[in-house]
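S.K.: Provided herewith is a single structure, encoded as structure tokens, for subsequent inquiry.
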Amino acid sequence: MSGIKQLAGQTIWYGLSNVMARLLNFLLTPILTYLMVDQKGVKEYGDFSLLYAWIGVANIIYTYGLETGFFRFSSDAGISQKQLFNTTFGSHVITTLLLSGILLYYSQPISEFLEIGKLPQVIVITVFVMAFDTLATIPFAKLRQENRPRRYALIKIFGIVVNIGLVVLFVYFIPEYFSKSNNFLVRWVLHQNRVTLLVLANMVQSFFVFLFLYPEWKRFRFKINKDLWKTVVHYSTPMIIIGLAGMINEVMDRQMLKSFLPHSMDENMQIVGIYSANYKISIFITMFIQAFRMAGEPFFFRQKSATNARQVYARVMKWFVITLCVAYLFTGLYLHIWQNMIGKKYRSGLGIVPILLMANVFLGIYYNLSAWYKLTDKMYWGIIITAAGAVVTIIGNYFFIPKFEMYAGATVTMTCYGTMVILAYLLGQKYYPIPYAWKKLVAYLVITIVLFLINKKITSFTHNFWLKTAFASLFMCLFLYFVSRVEKKELQALPVVGRLFR
């Protein structure tokens, strides 16, 4: 029980940082979708979203799984923590310089490949974003390993505040109030494409975040232990393939929407912008998943030697799924409220939100299930599972996007993650059996979907805001009551709040 309490406490702290960081970051969506409302603006938002999809792919190559390797070997008593940090951080310094140099040299061809050929400066700025983000990876991992989520949260939130402040300054404040200024910097900002300005804001954020992590890396010495480096890299490198396949699953829908929609390129990019804006409404699920991953990865490695480790993992999964179901209903039932987080120009894609929410539920379950191949050092199974998901993504989008457009991208994403969940569960039970209460978990998921569909059917007959909110609250309370009855014994054992369930 103490292990789960520790995980819960860590998740709450990482959750608070993620809630704050993602909510602050999510403010960019209404800011941008309300300001970028003309056709050019919607297209630029599509360009921005697509660029960041590729940044996600590049970040996997930049970091090559060393973060996971750091957690894996930091739990080994025979390995010096100082030596491990110097080796992993030093490795990142060397490879970041090499990769950044290559990308800067080829910035023009890369910008042409991404079809932003007139904006090679975007690639240059993006390279610096990825470089600073990579160099911050191991210091952030050090904070997580040392159980210091408060400092982690403070730095993350600070970075997001800097980003949002600069975006508002560049995209709104300067054009609105200083359009006639002769100041050199102001004139430069006014003549830049908005994609350039958004990426520039991100670069400044990444730089200051890395700077704020100085106490974590100030004692770094370029003393790389070759044997330790080989061991860590041998364990970590499969994460490159796992990560790349995972990014294909996560971002290929947008790339294939751009390529296979039967419209002009500008119209396709507008649809990508609408799709991406609606994708972000699943924030309440994604931020919890991210918080759990932040706390869960080091927790699983620390817990693995405990005699009751597998029972703990099973209980963690149960409460994780329950929380995901609550997050799904919290977003899906109150969609008439959350739709105001994006501009009206983007709301034609609201129908994909429930599908993408369930896709993220499956993704969260997969992240939880995937612990088994990391704990058993069978990383190749992670490659196979994510590759299978990538195949589903590519084939599904290729055949269905031309006809079903955004709905194809969303449904294929959900199918992909659902497939990965099934494979991870079946293989996990073979190589590292964990006594998951899978019947109960499936029941919770089915009840969640049924409640959402009933609410959708009932509220389709009215446009009254308060009536919709009342029905949403009713179904949310029904689910919470059901969980409280089923999990009554476990809830009664909780400190402080346990008496509420007696």
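S.K.: Within the stretch 255-268, take every residue that is in contact (Cβ under 8 Å) with a residue 24 or more places away in the chain and closer than 18 Å to Val391 by Cβ and give me the one that is surrounded by the most Cβ atoms within 10 Å (Cβ to Cβ).
M.R.: Restricting to residues being in contact (Cβ under 8 Å) with a residue 24 or more places away in the chain and closer than 18 Å to Val391 by Cβ, the top hit is Met256.
S.K.: Would you mind telling me which numbered condition in (1) within 21 Å of the chain's Cα centre (by Cα); (2) surrounded by fewer than 20 Cβ atoms within 10 Å (Cβ to Cβ); (3) at pLDDT 90 or above Phe400 fails?
M.R.: So the condition that Phe400 fails would be (1).
S.K.: Considering Ser100, Ser107, which residue is in contact with a helix residue (DSSP H, G or I) (Cβ under 6 Å, 6 or more places away or on another chain), closer than 21 Å to Leu51 by Cα and without any contact (Cβ under 8 Å) to a residue 24 or more places away in the chain?
M.R.: On inspection, the qualifying residue turns out to be Ser107.
S.K.: Taking the condition of being farther than 26 Å from Lys378 by Cα and polar (S, T, N, Q), how many residues in the stretch 235-261 meet it?
M.R.: 2
S.K.: Ok, one more. Note down all Cβ pairs under 9 Å where the first residue falls in the stretch 196-225 and is in the same structural domain as Ile125 (by TED's automatic domain parsing), the second is part of a loop (DSSP other than H, G, I, E, B), and they're at least six residues apart or on different chains.
M.R.: If the second residue must be part of a loop (DSSP other than H, G, I, E, B), the pairs left are Thr196/Leu119; Leu200/Gln192; Asn225/Ser80.
S.K.: Can you tell me which residue within the stretch 248-282, out of those that are β-branched (Val, Ile, Thr) and either touching a Ser or Thr at 6+ places or on another chain (Cβ under 8 Å) or not in a helix (DSSP H, G or I) (or both), is nearest to Leu333 (Cα to Cα)?
M.R.: Residues of the stretch 248-282 β-branched (Val, Ile, Thr): 248, 251, 271-272, 274, 281.
Still in the list and also either touching a Ser or Thr at 6+ places or on another chain (Cβ under 8 Å) or not in a helix (DSSP H, G or I) (or both): 248, 272, 274, 281.
Working: Ile248: 30, Val272: 25, Ile274: 21, Ile281: 12 Å.
Only one residue fits best here, namely Ile281.
S.K.: Now a separate question. Residues Ile31, Ile12, Ile60: which one is modelled with pLDDT of 80 or more and not assigned by TED's automatic domain parsing to the domain that holds Tyr214?
M.R.: Details: Ile31 fails: modelled with pLDDT of 80 or more; Ile12 fails: modelled with pLDDT of 80 or more.
After ruling out the rest, the residue left standing is Ile60.
S.K.: Hey, another quick one. Within the stretch 112-188, considering only helices (runs of 4 or more DSSP H) that don't extend past its boundaries, which have at least 3 residues that are under 28 Å from Gly101 (Cβ atoms), among the aliphatic types (A, V, I, L, M) and at pLDDT 80 or above?
M.R.: Working: elements: 120-145, 149-168, 174-177.
Output list reads 120-145, 149-168.
S.K.: Output the qualifying pairs, or none if there are none: Cβ atoms under 7 angstrom, residues six or more apart or on different chains, first residue in the stretch 310-327 and assigned to a helix (DSSP H, G or I) and hydroxyl-bearing (Ser, Thr, Tyr), second residue modelled with pLDDT under 85 and surrounded by 19 or more Cβ atoms within 10 Å (Cβ to Cβ).
M.R.: If the second residue must be modelled with pLDDT under 85 and surrounded by 19 or more Cβ atoms within 10 Å (Cβ to Cβ), the pairs left are Tyr313/Ala371; Thr323/Phe288.
S.K.: Here is a further query. Determine which single condition Lys218 fails, assuming it passes every other condition in (1) in contact with a helix residue (DSSP H, G or I) (Cβ under 8 Å, 6 or more places away or on another chain); (2) of a type in the set (Lys, Arg); (3) under 27 Å from Asn86 (Cα atoms).
M.R.: Exception for Lys218: condition (1).
The values are calculated or read from the model by the stated rules, or taken from the named source; none is laboratory data. From a predicted model like this one, the values you see are computed outputs, not experimental measurements. FYI the Cβ positions are ideal-geometry reconstructions off the backbone, even for glycines, and counts take in every protein chain you see.
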